[in-house]
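Let me begin by presenting the structure, written as structure tokens, before commenting on it.
The values are calculated or read from the model by the stated rules, or taken from the named source; none is laboratory data. None of the values given here were measured: they were computed from a predicted structure. Every residue, glycine as well, gets a Cβ built from its backbone with ideal geometry; the counts of neighbours run over all protein chains shown.
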Amino acid sequence: MKCYFLDKVSWQHSQALYHAAAYLGREALFILRPSTPYVCIGNHQDADQEIDLAFAAANNIPVIRREVGGGAVYLDGEQLFYQLILKADRPGLVMDKGEFYRQYLQPVIDTYRAFGVNAEFKPVNDIIANGRKVSGNGAAEIEGMLILVGNFIMDFNYEMMSKSLRVPDEKFRDKVYKTLQENLSTMKRETGSVPSTEALMLDLVQRYEPLLGKMEIVREVDEELLKKADEMLALMYTPEWLHANDSRRPRAEQVKIREGVYVIQNMLKTPGGLLRVTAVKENEVLQDVHISGDFFFYPANLLPELENALNGIPADSESVQAAVEKFYATRQIETPGVQPADIARAMFPVAA
């Protein structure tokens, strides 16, 4: 397997290259960082609800949506990404997502520890040190390939992250900024220094080799991979792709409010991430169901089918939970840290 150590690349290629490798069916490990900042949202997130798009545009900060779940994040050259692409039928590969995270994040944890950070695994997919997150991670399945992406947070711009998120008011934004500082840390903060990206790469590669075999370190990509990455960008860096998830959300002009018709919109924080559910309840029947948030859903392309499966059922918690459980069982769905009952509770919160 090749390890592509590219260090700084364009912000576009920092997302497009691992997508390209997956669609080409190539196993690889990319280690790189973006040369300029951008914001990246998770596969199931709603761009309009998650990001202050006006702020991003005014400050020339690009926004892109990836094919991996999880939350929105501000990314820049102070974060070194690792992006691992493996064949889903690779012998010995653990397919249970919880165990996959635990096994394939251990080399990252060991590298953190080698550079003085007291890192440990926190389910579902975080790496923490002294109670604070020091690495965010996600996984996805694309075209028969299993992908793990994450980052060494060498330093972090808390202010830009808080300004990039969509919040109801500035008081709330101040709370986000303070909470980020309290709960997210960096290598610089933990140790007082930052190792070179080359040193991090070499250490991580040697720790992955017992799992993956000997790696060949290369420092540039070939024409086939670059061409595919540019093809991916032509699709991914468009308003249509960014807002594809938003388009499933019912718009106010599509819903006529009258007697017996209500719009439901609720949120629920789960161990696997935030769930946001929007639906129309018409004569006690659900319609136009939309589920978004920073959770992980496998296979990702089946989330719209789950939404469709909830359309037309009775608008009560028991019916929703039963329908979700049936869908999970028949379609072999995995949502680490999110249970079918959570989707029902997100739609119909239990009164306190």
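What the table below lists for this structure:
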| quantity | calculated |
| --- | --- |
| Checklist (1) surrounded by 21 or more Cβ atoms within 10 Å (Cβ to Cβ); (2) modelled with pLDDT of 90 or more applied to A279, failing item | (2) |
| Which listed residue is part of a loop (DSSP other than H, G, I, E, B), at pLDDT 95 or above and either under 23 Å from V117 (Cβ atoms) or among the basic types (K, R) (or both), from V205, V221, V194 | V194 |
| Any hit, the stretch 74-96, residues being surrounded by fewer than 22 Cβ atoms within 10 Å (Cβ to Cβ), under 16 Å from A139 (Cα atoms), out of contact with any strand residue (DSSP E or B) (no Cβ under 9 Å at 6 or more places or on another chain) and not acidic (D, E) | yes |
| The lone exception for T36 - which of (1) touching a strand residue (DSSP E or B) at 6+ places or on another chain (Cβ under 7 Å); (2) under 21 Å from D230 (Cβ atoms); (3) not charged (D, E, K, R) it fails | (1) |
| Answer residue from the stretch 68-95, given it is at pLDDT 95 or above and touching a helix residue (DSSP H, G or I) at 6+ places or on another chain (Cβ under 7 Å) and is nearest to D294 (Cα to Cα) among those | Y74 |
| Residue count for the stretch 207-216, restricted to those that are surrounded by 14 or more Cβ atoms within 10 Å (Cβ to Cβ) and under 12 Å from L29 (Cα atoms) | 4 |
| Extreme residue, surrounded by the most Cβ atoms within 10 Å (Cβ to Cβ), among residues of the stretch 312-327 that are modelled with pLDDT of 95 or more and in contact with an Asp or Glu (Cβ under 8 Å, 6 or more places away or on another chain) | F327 |
| 2 or more residues of a type in the set (G, A, S) and touching a residue at least 12 places away in the same chain (Cβ under 8 Å): qualifying helices (runs of 4 or more DSSP H) within the stretch 1-103 | 11-24 |
| Residue among I64, I51 that alone is in the same structural domain as P123 (by TED's automatic domain parsing), within 21 Å of A229 (Cβ to Cβ) and in contact with a Leu (Cβ under 8 Å, 6 or more places away or on another chain) | I64 |
| Conditions (1) within 25 Å of T238 (Cα to Cα); (2) touching a residue at least 24 places away in the same chain (Cβ under 8 Å); (3) not in a strand (DSSP E or B); number of the one not met by D110 | (1) |
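Yes or no, residue by residue, for (1) more than 18 Å from L212 (Cβ to Cβ); (2) surrounded by 23 or more Cβ atoms within 10 Å (Cβ to Cβ):
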site	(1), (2)
Y112	yes, yes
F115	yes, no
E120	yes, no
I128	yes, no
G131	yes, no
V134	yes, yes
N137	no, no
I147	no, no
